[in-house]
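The values are calculated or read from the model by the stated rules, or taken from the named source; none is laboratory data. Note that the structure is a prediction, hence the values are computed from the model and not measured. Glycine also receives a Cβ, built like all others from the backbone with ideal geometry; neighbour counts cover every protein chain displayed. Remember, those area values only see protein heavy atoms, side chains included, never the ligands or the DNA or RNA. Shrake-Rupley method; radii C 1.70, N 1.55, O 1.52, S 1.80 Å.
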Amino acid sequence: MILTVPCLLGLEALVANEMRRLDLRGVRAENGRVHCEGSFADIARLNINLRCGARVLMELGSFPAPDFEALFQGVLALPWETFIPADGQFPVKGHALNSALHSVPACQSVIQKAAANRLGRVYGLETLPASGERYQIQFAIIKDRASLYLDTSGDGLYKRGYRAQNMGAPLRETLAAALVTLSRYRGRDPFCDPFCGSGTIPIEAALIAKNRAPGLDRHFAAQRWKAMDAKCWLDAAEEAQDKEFHGNYDIWGGDIDPDAVELARHNAELAGVSDCVRFETADAAKFHRESAYGQLVTNPPYGERLLEKQEAEALYRAFGAALADLPSGWRTIVLSSHTEFERCFGRPADKKRKLYNGMIKCDAFFYGKNV
């Protein structure tokens, strides 16, 4: 089968590399998604192991859809009964781009009607009860070609299960993991986040250092599918646990807000990494480290209102001045949506990379040798 992993724009190459490391075949990336060939066993492995992907979709088919009749007939021809039982719920969501069929609600209605028509005929029912498990149908209609999927993940993969609360506007766990990956941190060097908030970046760094699969402590939609053997999930979890590392790591998170620090510690406990990451109340404007090398990855606050914006810019200046004394062996990545970040920080980045936090356009600013 074809499996598709949507992701935040800018993370396609990272997700593709993750999939190749899982020995998946036919990995190919395009804007906002990565495809591969796989099996039911691979559905479980992807859901449990992926750090940067948004969810895992199983493709049921792809066909031209220049009009609603073609869309209806294409959906009707797909083998929905292979996966959706007679009592299954099958809501529909998706998107359409550069296509004659541009109304998403209308497409949703046609797709659900066609799937219900097929399932009703197969099961000999005029009305489907829709009282059982949820089988989320997703569609993408791009340039008049429709692709239909079943969502195997349920909640997005960024929901690791360790963050019940957050401080203000949260950084998605998938993007935090991507930033840590881009820093090339693997657990050997010191790692710091001076604006840690609820602890997402240091916790993802700890998961990477331990090589702990991020999906081990949560459930996925396909675990409840009758068509999928529960052994797939048990085998995938066992495989992931066998690959974990156990060592001593120097991972630190600081925040000026004591409540944020306390919440970060709580989240680290939920994530099972409290033994290898420490949090302290600290002022990022006074950040200092004696170590000759390390990785610093952070996402400082950015205010939308004028006063908050001015305060954020002052904070960037103070933080930039503090980092000016950091030893040359440190590699620094700062994620910010502020268009004038480099000016406020006091120096241009050695490299920049465009990323998105949800729908918010950001830049990752890289500083240090061999960035």
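Things to note:
- The calculated 222 nm mean residue ellipticity attributable to helices in the chain amounts to -10000 deg cm²/dmol, summing -39500 (n - 2.57) over DSSP H runs of n ≥ 4 and dividing by all residues.
- This model, with +1 at the C-beta of Lys and Arg and -1 at the C-beta of Asp and Glu, gives segment 185-318 a dipole about its Cα centre of some 340 debye.
- Average Cα contact separation per residue, segment 221-371, under 8 Å, 6 or more apart, as relative contact order %: 17
- Solvent-accessible area per residue, Å², over the chain with all protein chains present [probe radius 1.4 Å]: 46
- Viscosity 0.692 mPa s, temperature 37 °C, Stokes-Einstein D of segment 231-337 from Kirkwood C-alpha radius, µm²/s: 199
- Pairs of Cα atoms nearer than 8 Å and 6+ residues apart set the relative contact order; for the chain it is 15 percent.
- The residue list Leu234, Ala213, Val110 was ranked by how far each Cα lies along the charge dipole of segment 103-234 toward its positive end, using unit charges on Cβ atoms, and Leu234 comes out on top.
- Accessible area (Å², 1.4 Å probe, nearest 10) - Lys354: 110
- Net dipole in debye of segment 40-146 [+1 Lys, Arg Cβ; -1 Asp, Glu Cβ; about Cα centre; nearest 20]: 340
- Using bins of 10 Å that start at zero, the share of Cα-Cα pairs per bin across segment 78-167 amounts to 15, 40, 28, 14, 2, 0, in whole %.
- Shape call, segment 154-239: gyration tensor on alpha carbons, a/c limit 1.5: oblate
- Heavy atoms of Lys159 accessible to a 1.4 Å probe, total area in Å² rounded to 10: 90
- Gaussian network model of the chain, springs between alpha carbon atoms under 10 Å - residue of Ala222, Ala271, Ala282 with greatest fluctuation: Ala282
- GNM result for the chain, Cα springs below 10 Å: residue of Asn49, Asn98, Asn299 fluctuating most strongly: Asn98
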